[in-house]
Amino acid sequence: MQLKPIRDQVVVVVGATSGIGRAVALQFATEGAKVMASGRNEAKLASLVDEARSLQGEITPTIAEVTDFNQVNAIADKAVATYGRIDTWVHIPGTGLFAPFDQITPEEFKRIIEVDLLGQAYGAMAALPHLKREGRGALIHMSSIEGRRSLPLQSAYGAAKHGIEGFLEALRVELQHEKIPISVTSIRPAVINTPFWNNSMTRLGVKPAGIPPYYDPRLVADAVLYTATHPTRDFLVGDAARVIDALQRLSPALVDAILLQIGFPLQRSDDPKSEHDPNNLYEPVPDQTRIDGDYSNMVVPSILDWVDKNPVLKWGAVAGVAAIFTLTQGLREGSR
């Protein structure tokens, strides 16, 4: 499957006004793509367009609420009306609520599923007819390592992320069955230093926090741009995501035990926050246009992201380790 170079692409970025979405939209724009960016707040979108222009990039804004399919479909229609086609669709919006399950109302749980899961499905529904007409393209969906392993105090968010993985697995095979060359990618970040922790609703009495380490949102943007040109099934961002994935495969009970010890205290900051303070569960937080969150002092690099974007080196290293192991075993047998 051959995807176009970034500079030749028309890209839709849904959920582009802050955090990962903003980093993704700006990076596509500065690398020459024509970008249609959506969000819920006109002023925040305007600041994104201005920032892209200052970096010699092109972004066209459009307002949309992802829980309304007609509004999501209008994003696709506007992209095609403006640029003639869609090559890559990146779906990012997410919201969270930090609370024990029995302190979440049915309406709140439903809202998170609508934004974090149904919105993703609506995005694919809107994009697919246009990608099929082009005969190729990329669907890139923002999941989470919580699509592999849910965390306590985030039951609705974890449920939505697991739902994304199930939805994408089915869709991917359907497209393969139809022999349609559309790449379907799940991006699964670890804890990322974005305003997500500021924007989420909380009943913990304090601003939520991620379980360290944190990673730079631009690492996620790098992964998105990589998968827009290199068909990829899953891309884990952050070495911690790979560790969690491996531990969950090895022993879910072990991960249970670890989270029982660290999952509750480490998701609480020292900053007081009420459930009535501004959050983005139902409305955008107007003044939140940052890419980075409040935990920059805890951000660490990720080595294996670079390795995964260089598969020749990756598999060469694996082959080298296997060869050394085989040689060592042979020497041991020979010395007996």
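Structural remarks
- Check: the chain dipole with +1 on Lys, Arg Cβ and -1 on Asp, Glu Cβ, in debye: 1000 debye
- Distance between the C-alpha centres of segment 226-244 and segment 73-96: 22 Å, rounded to the whole angstrom.
- Set of lysines near LYS110 by C-alpha distance (under 17 Å), chain-local residues within fewer than 8 positions excluded: LYS161
- When peptides 169-178, 57-66 are ranked by their average number of other Cβ atoms within 10 Å per residue, the highest-first order is 57-66, 169-178.
- Only lysines eight or more places from LYS4 in sequence, or on another chain, were considered; those with a Cα closer than 23 Å are LYS34, LYS78, LYS132, LYS179, LYS309.
- Average silhouette area of the chain, convex hull of alpha-carbon atoms, in square nanometres: 19.5 nm²
- Whole-Å semi-axes of segment 111-236's equivalent ellipsoid (Cα gyration tensor): 28, 16, 12
- Sorted peptide list for 257-269, 223-235, criterion being average Cβ within 10 angstrom, highest first: 223-235, 257-269
- Protection proxy ranking, highest mean first, for peptides 185-196, 278-289, 31-42: 185-196, 31-42, 278-289, where packing is the per-residue count of other beta-carbon atoms within 10 Å, averaged.
- Inter-part distance where segment 1-57 and segment 144-181 are each reduced to a Cα centre, Å: 24 Å
- Highest-fluctuation residue, ASN198, ASN73, ASN297 considered, GNM on the chain with Cα pairs under 10 Å: ASN297
- Overall form of segment 58-113 per C-alpha gyration tensor (a/c, 1.5; a/b vs b/c): prolate
- Membrane-span-like helices in the chain (whole DSSP H runs, Cα extent of at least 24 Å along the helix axis, mean Kyte-Doolittle hydropathy of at least -0.5): 155-177, 311-334.
- Relative contact order [Cα under 8 Å, 6+ residues apart], the chain, whole percent: 20 percent
Readers should treat all values here as calculations from the given coordinates under stated rules, not as data from a laboratory. For clarity, every value in this text was computed on a predicted model and none was experimentally measured. We place every Cβ from the backbone using ideal geometry, glycine too, and count neighbours over all the protein chains shown.
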